[in-house]
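Everything below concerns the one structure shown next.
The values are calculated or read from the model by the stated rules, or taken from the named source; none is laboratory data. Because the structure is predicted, anything quoted here is derived from the model rather than measured. Note: ideal-geometry Cβ built from the backbone for every residue, glycine included; neighbour counts use all protein chains shown.
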């Protein structure tokens with residue numbers, strides 16, 4: 001909690017303010033003789049596409065929260081993912097990717113990079129170590145996983161997959177968005193790179209976009225130079241400031257998300273109207289044993305569940321919710337739910353129980369009893 005409050009913050013030298021100000025500049029003063037400057041340099045403040053003051057403050061906070069050598073903050077979580085893939089994959093090289101990932105990661109690795117640049121990819125159930133080993137090739141350069149995964153909540157063993165990847169000289173990147181550094185720190189478990197969508201829990205207020213990659217300085221320097229400066233994925237000063245502000249309360253918020261989600265998952269698991277619940281905090285969940293071993297704070301605020309009902313009843317259930325909001329994204333202060341129907345293009349990659357349509361549910365900070373009462377009322381309405 002202390003790092004969340006103080007890291008990256010200091011007294012402003014000009015005004016004496018005890019909060020870092022928003023520096024809404026795109027350029028900074030040049031020296032007397034600028035002719036020797038590398039215009040793509042990320043050292044110091046030169047041009048905000050190369051890095052700015054508010055970005056630097058946020059990077060310092062996140063680096064300390066994750067315990068890594070370095071951090072680069074980018075315009076969105078997808079910019080962070082793209083930065084990793086662009087920096088460490090060349091045409092003809094091979095990557096292994098979780099078959100359950102954020103849709104943009106799936107599109108980038110399954111469609112765009114193979115079709116446009118000849119990157120060869122293998123989608124694999126990363127919760128199955130045998131499948132991961134089988135997918136690895138001598139020319140594999142990157143393994144990318146999400147754990148817990150979006151939207152199935154599959155849990156992958158980070159330490160074991162790191163050992164597999166490093167055995168062929170590949171890097172392991174882990175999307176840690178669902179867990180946050182409060183619950184899980186992938187680099188402590190052997191990952192080379194950690195990706196965070198700052199838009200979600202770390203910001204926590206649903207009002208700013210941002211992404212981050214964390215790891216060793218040589219790896220982060222490469223992303224910073226190639227993907228931020230030359231692809232233009234820089235975060236705006238205002239978004240960096242908003243996320244800096246929101247991240248201060250991350251530990252407090254995650255404690256509540258963890259506690260409420262556990263109670264909500266147990267409630268749903270006991271209901272006859274509910275077909276399945278995927279949440280790593282449940283003893284019955286297939287990922288519980290691994291999650292218990294590699295997480296520290298709790299099991300997160302996200303779950304998936306489906307009803308013993310048809311398509312229309314799923315929609316009717318959502319329409320009857322009053323506390324929970326029907327909207328995409330996750331990690332906000334308010335609870336958010338989205339119905340993923342039977343026509344989702346990745347249904348064939350999901351576990352069998354997901355294929356009748358399901359909800360991704362982000363449990364918010366409302367009183368837990370109010371969330372459960374809202375769900376109970378909607379379950380009754382859907383059944384009727």
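What to note about this one:
- Those residues of the stretch 237-286 which are closer than 19 Å to residue 7 by Cβ and in contact with a strand residue (DSSP E or B) (Cβ under 7 Å, 6 or more places away or on another chain), in sequence order: 240
- The condition of being more than 28 Å from residue 299 (Cβ to Cβ) and assigned to a helix (DSSP H, G or I) holds for residue 114.
- If you filter the stretch 278-289 down to residues that are under 21 Å from the mean Cα position of the chain (by Cα) and outside any loop (DSSP other than H, G, I, E, B), you find that the one that is surrounded by the fewest Cβ atoms within 10 Å (Cβ to Cβ) is 288.
- Residue in the stretch 290-302 that is out of contact with any helix residue (DSSP H, G or I) (no Cβ under 6 Å at 6 or more places or on another chain), crowded, with 17+ Cβ neighbours inside 10 Å, part of a strand (DSSP E or B) and not assigned by TED's automatic domain parsing to the domain that holds residue 125 present: yes
Quick grid of which residues meet (1) closer than 21 Å to residue 102 by Cα; (2) surrounded by fewer than 22 Cβ atoms within 10 Å (Cβ to Cβ):
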{"position": "126", "(1), (2)": "yes, no"}
{"position": "129", "(1), (2)": "yes, yes"}
{"position": "132", "(1), (2)": "yes, no"}
{"position": "137", "(1), (2)": "no, yes"}
{"position": "145", "(1), (2)": "yes, no"}
{"position": "152", "(1), (2)": "yes, no"}
{"position": "158", "(1), (2)": "yes, no"}
{"position": "174", "(1), (2)": "yes, no"}
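- Candidate set: the stretch 308-318, residues that are part of a loop (DSSP other than H, G, I, E, B) and free of Cβ contacts under 8 Å to residues at least 60 places away in the same chain; chosen: the one nearest to residue 162 (Cα to Cα): 308
- Residues of the stretch 1-32 classified as in contact with a helix residue (DSSP H, G or I) (Cβ under 7 Å, 6 or more places away or on another chain), assigned to a loop (DSSP other than H, G, I, E, B) and over 19 Å from residue 45 (Cβ atoms), total: 2
- From the options 267, 305, residue that is outside the structural domain of residue 155 (by TED's automatic domain parsing) and either in a helix (DSSP H, G or I) or at pLDDT below 95 (or both): 267
- Look at the stretch 234-250: where a residue is within 12 Å of residue 8 (Cα to Cα) and a partner is modelled with pLDDT under 95 and not in a helix (DSSP H, G or I), sitting 6+ places away or on another chain with Cβ atoms under 8 Å, you get 240/52; 241/20; 241/22; 244/8; 244/9; 244/20.
To keep it simple, each residue is scored yes or no on (1) surrounded by 24 or more Cβ atoms within 10 Å (Cβ to Cβ); (2) within 13 Å of the chain's Cα centre (by Cα); (3) outside any helix (DSSP H, G or I).
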residue: 165; (1), (2), (3): yes, no, no
residue: 169; (1), (2), (3): no, no, yes
residue: 181; (1), (2), (3): yes, yes, no
residue: 191; (1), (2), (3): yes, no, yes
residue: 194; (1), (2), (3): yes, yes, yes
residue: 208; (1), (2), (3): no, no, yes
residue: 214; (1), (2), (3): yes, yes, yes
residue: 238; (1), (2), (3): no, no, no
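- Residues of the stretch 319-358 that are crowded, with 17+ Cβ neighbours inside 10 Å and assigned to a helix (DSSP H, G or I): 349, 354, 356.
- If you check 135, 79, 87, 160 for being touching a helix residue (DSSP H, G or I) at 6+ places or on another chain (Cβ under 9 Å), free of Cβ contacts under 8 Å to residues at least 40 places away in the same chain and outside the structural domain of residue 351 (by TED's automatic domain parsing), only one passes: 160.
- Residue 204 being crowded, with 24+ Cβ neighbours inside 10 Å and in contact with a strand residue (DSSP E or B) (Cβ under 6 Å, 6 or more places away or on another chain): no
- Checking the stated criteria, residue 67 turns out to be closer than 19 Å to residue 214 by Cβ and more than 16 Å from the chain's Cα centre (by Cα).
- Residue satisfying condition, being in a loop (DSSP other than H, G, I, E, B) and over 18 Å from the mean Cα position of the chain (by Cα), within set 204, 232: 232
- Candidates in the stretch 43-70 are the residues that are part of a loop (DSSP other than H, G, I, E, B) and crowded, with 16+ Cβ neighbours inside 10 Å; of these, the one that is modelled with the lowest pLDDT is 46.
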